[in-house]
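To start, the structure itself, in structure tokens.
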2 protein chains.
Amino acid sequence: MKAEIITVGTEILLGDIVNTNSQYLAKELASLGIDVYYQSSVGDNENRLLQSFKESLKRSDIVITTGGLGPTNDDITKEVACKYFDKELELHKPSWDKIEFFFNKLGIEITENNKKQAYFPKDSIILQNKNGTAPGVVLEKNEKIIIVLPGPPKEMKSMFENEVKPYLQKLTDSVLVSKTLRAFGIGESTLEDKIIDLIQNQTNPTIAPYVGDMEVRLRVMAKAKTEKEGQELIEPVVKNIKDRVGQYIYAEGDTSIEEVVSKMLVEKNMTIATAESCTGGLVSATLINYPGISSVFMEGCVTYSNEAKIMRLGVKEETLEKYGAVSEETAREMAEGIARNFDTNIGLSTTGVAGPEGGTKEKPVGLVYVGIYINGKTTVKKYAFNGDRQGIRLRATKNLLNDLRVQLLEL
Amino acid sequence: MKAEIITVGTEILLGDIVNTNSQYLAKELASLGIDVYYQSSVGDNENRLLQSFKESLKRSDIVITTGGLGPTNDDITKEVACKYFDKELELHKPSWDKIEFFFNKLGIEITENNKKQAYFPKDSIILQNKNGTAPGVVLEKNEKIIIVLPGPPKEMKSMFENEVKPYLQKLTDSVLVSKTLRAFGIGESTLEDKIIDLIQNQTNPTIAPYVGDMEVRLRVMAKAKTEKEGQELIEPVVKNIKDRVGQYIYAEGDTSIEEVVSKMLVEKNMTIATAESCTGGLVSATLINYPGISSVFMEGCVTYSNEAKIMRLGVKEETLEKYGAVSEETAREMAEGIARNFDTNIGLSTTGVAGPEGGTKEKPVGLVYVGIYINGKTTVKKYAFNGDRQGIRLRATKNLLNDLRVQLLEL
């Protein structure tokens, strides 16, 4: 079964927004085992939209659109889809009641053009919108299907998840089951090299490495009759990969490094404090992304100035003078100092040159020391990162958290 | 002049990556006054790619592709584009020399398939790649143009900026000049309402509001013969908008709120320190995004626990007991306490319920107090944010920085 995604809207054509809807839908359709060979974006223009429907449905069985469901006159996706299938629109009372209720609740005056959102063909499947006023719709004709979804990602995603996915599942007889392994501290080509024979000899499941946000991901994907059968195909391959490169794999699926680390800290009941210079609070902010951290996170200090490093962390003035603020020694004293403050098991520190100014030949932009104190023992690691100020700070944060993960594993 | 963007690659069709290339190119083409009515994505498949070229060049004068320029056999974009225009590829010695040089510098062994990247038609314009091995190419035939660019955004963007933009500028006789005003603390519809007459009566420049990342942006865009003429068309409209809603507009273009606030602090030479609970370091990390902040940023404290609030900030135990950690009183004592620590002009504080757990009827998830101490005077603002944990913390951070901006303006 083949599907295409058409995102509708001038804001995409002008580059005002990034088209995240296509990515979401593409991923979801892939996981349903539905092939997507084309994606396209068109404006709110009747002729061009009609033309797109024509071309897409010549090639594919299903077209999914997002956008153009608003109340104003330039929102025409639903109307054009109906025109293409030659279906008449009429007022759908239950939808109109819901829209009225929604507006009344918000205390906003309802206008005549809002009625537009409650018009649907008689024989269509109306899709509830839990996060907005515009319902979506499934239109079917001659074994071709157009699914019209709203543009705002929050509305579109919950509608897809709750109503479109079950609808599509009924149409397909196979599922794609996948698991993504997230690796940190290893490059894409090196990782690929270590498992190249697995990648090349696998057809079902397939193994695909790709570069994610400062990390490499491995997607293991199987086509199967059922979810269970797919899992059974995947598991031995995942195990095989982990046997080879397990030390780099910190998580599966959508689990973040901070979640992994925070869970380890809470499980081991190890208290933690952070002392940050160049990262400026990113390490603590990242850890605190994970709600459960509160039982072990004691304190974070952003000691950007030398004065704060001395006063807050007890870094020695002579250390700063002799080695400088960006040095192994300072990172060490920062990590130990912050742990001493609240008598925590763990103290983390960062100090570096995030740029764009301030680099020297000895200490260039990108040089970062990260310190980890754990129960009396301190290790400091030196990094030379590429990238802009923000990138260097993010890399420092992620590497520090991964280093902590590795050390916690060894405890 | 009409152009289309075709992004090539299975990783887009599978939803593995977000298609940011299309957005970048769409924005750039719009600013050149080149209309983009379609964008599409296809896989690395010869027939489908040929079909896409055919359809796109029927509708448009120019097609720009990204992706599929790698050294492996499944990278075929350049080859298919040449096939479509019936052009033969031959080895381009200077390009091959560069690729060899690049590999030698990295100490990587060069393989035969790397040669593929140095093949071009004789009459083509070869585009240098400053950030990778694959050159791009401009192919022309019968007044139609295909521009083939690499997929990695870093390579593609610098190639576009340095070589494609000047090439396209020569082809067009008009430019689109635009200015984006960034507004905070006002909803899209309210903002639109206040300038609806301007929006409706303007044709050149046009005014378009759109929702950005927790803010509303207004794009004023003029079509003109020259950049200068465009600026002259825009300026009076921008002034008119600012006269009406200037208090909400914190910046123009790509300027961030932290840059605006940090610059004000540095200019006024006002020192600052932060005390964060629910935001966990996001406020300090955001301020420190701006490199110049170091001269005024003294200290940041992440006092997530009550103990830290007492020890670090001198928040009274009885305040925490009587009003709770999430309260106006605690926010006030936090802001005053952190300013007292290093005797700074300004102290900022945040305390709230970021969720997903921990909400009560009196203090629901999303309740955040932000405190601002400035030279002896403290104000605390109460917010009720929607969203998930991360969203609530980002909103708190941005609102606090905007509140500080407004207060600094009044000094």
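The values are calculated or read from the model by the stated rules, or taken from the named source; none is laboratory data. Note that the coordinates shown come from a computational prediction; the quantities given were computed from them, not determined experimentally. Neighbour counts run over all protein chains shown; Cβ positions are idealised from the backbone, glycine included.
Just checking, does the range B:319-336 include any residue being exposed (fewer than 15 other Cβ atoms within 10 Å of the Cβ) and either closer than 17 Å to A:Ala308 by Cβ or hydrophobic (A, V, I, L, M, F, W, C) (or both)? The answer is no; no qualifying residue exists. When the range A:38-64 is filtered for residues that are of a type in the set (A, V, I, L, M, F, W, C) and away from every other protein chain (no Cβ under 11 Å), the ones remaining, listed by number, are A:Leu50, A:Phe53, A:Leu57, A:Ile62, A:Val63, A:Ile64.
Condition check: among the hydrophobic types (A, V, I, L, M, F, W, C), in contact with a Leu (Cβ under 9 Å, 6 or more places away or on another chain) and within 30 Å of B:Leu404 (Cβ to Cβ). Does B:Ile125 satisfy that? In short, no.
Candidates are the residues of the range B:9-42 that are over 23 Å from the mean Cα position of the chain (by Cα) and surrounded by 21 or more Cβ atoms within 10 Å (Cβ to Cβ); the one that is nearest to B:Leu69 (Cα to Cα) is B:Gly9. The test for being among the aromatic types (Phe, Trp, Tyr), within 11 Å of another protein chain (Cβ to nearest Cβ) and in contact with a Leu (Cβ under 9 Å, 6 or more places away or on another chain) does not hold for B:Phe342. Within the range A:85-107, none of the residues are in contact with a strand residue (DSSP E or B) (Cβ under 8 Å, 6 or more places away or on another chain), surrounded by 16 or more Cβ atoms within 10 Å (Cβ to Cβ), more than 14 Å from every other protein chain (Cβ to nearest Cβ) and part of a strand (DSSP E or B).
Being farther than 23 Å from A:Ser178 by Cα and either touching a residue at least 12 places away in the same chain (Cβ under 8 Å) or in contact with a strand residue (DSSP E or B) (Cβ under 6 Å, 6 or more places away or on another chain) (or both) narrows it down to one of A:Ser262, A:Ser256, so name that one. After applying the criteria, what remains is A:Ser262. Would you pick out the residues in the range A:1-20 that are at the interface with another protein chain (Cβ under 10 Å from one of its Cβ atoms) and modelled with pLDDT of 95 or more? Of everything in the range A:1-20, those that are at the interface with another protein chain (Cβ under 10 Å from one of its Cβ atoms) and modelled with pLDDT of 95 or more turn out to be A:Glu4, A:Ile5, A:Ile6, A:Thr7. Restricted to strands (runs of 3 or more DSSP E) entirely inside the range B:310-411, those with at least 3 residues that are within 18 Å of B:Ser262 (Cα to Cα) and not charged (D, E, K, R) are B:346-352, B:367-374.
Screening B:Phe102, B:Phe85 for residues that are assigned by TED's automatic domain parsing to the domain that holds B:Pro150 and over 22 Å from B:Leu50 (Cα atoms) leaves exactly one candidate, B:Phe102. Of all the criteria given as (1) at pLDDT 95 or above; (2) within 19 Å of B:Asp74 (Cα to Cα), the one not satisfied by B:Glu140 is (2). Annotation for the range B:65-72: no member residue is surrounded by fewer than 24 Cβ atoms within 10 Å (Cβ to Cβ) and away from chain A (no Cβ under 13 Å). Looking only at the range A:153-177, residues that are hydroxyl-bearing (Ser, Thr, Tyr) and part of a helix (DSSP H, G or I) come to 2 in all. For the range A:27-70, a tally of residues being charged (D, E, K, R), modelled with pLDDT of 95 or more and not in a helix (DSSP H, G or I) returns 1. In the set (1) surrounded by fewer than 21 Cβ atoms within 10 Å (Cβ to Cβ); (2) closer than 27 Å to B:Leu233 by Cβ, the condition left unmet by B:Ala183 is number (1). If you go through the range B:280-305 and keep only what is more than 7 Å from chain A (Cβ to nearest Cβ) and assigned to a loop (DSSP other than H, G, I, E, B), you end up with B:Tyr290, B:Val296. Per the conditions (1) among the small types (Gly, Ala, Ser); (2) farther than 18 Å from A:Met298 by Cα; (3) within 11 Å of chain A (Cβ to nearest Cβ), the sole criterion not satisfied by B:Ser277 is (2).
Considering the range B:186-197, and only residues there that are surrounded by 15 or more Cβ atoms within 10 Å (Cβ to Cβ) and assigned to a loop (DSSP other than H, G, I, E, B), the residue that is modelled with the lowest pLDDT turns out to be B:Ile186. Just so you know, in the range B:272-309 the residues that are without any contact (Cβ under 8 Å) to a residue 40 or more places away in the chain and among the polar types (S, T, N, Q) include one that is surrounded by the fewest Cβ atoms within 10 Å (Cβ to Cβ), and it is B:Ser295.
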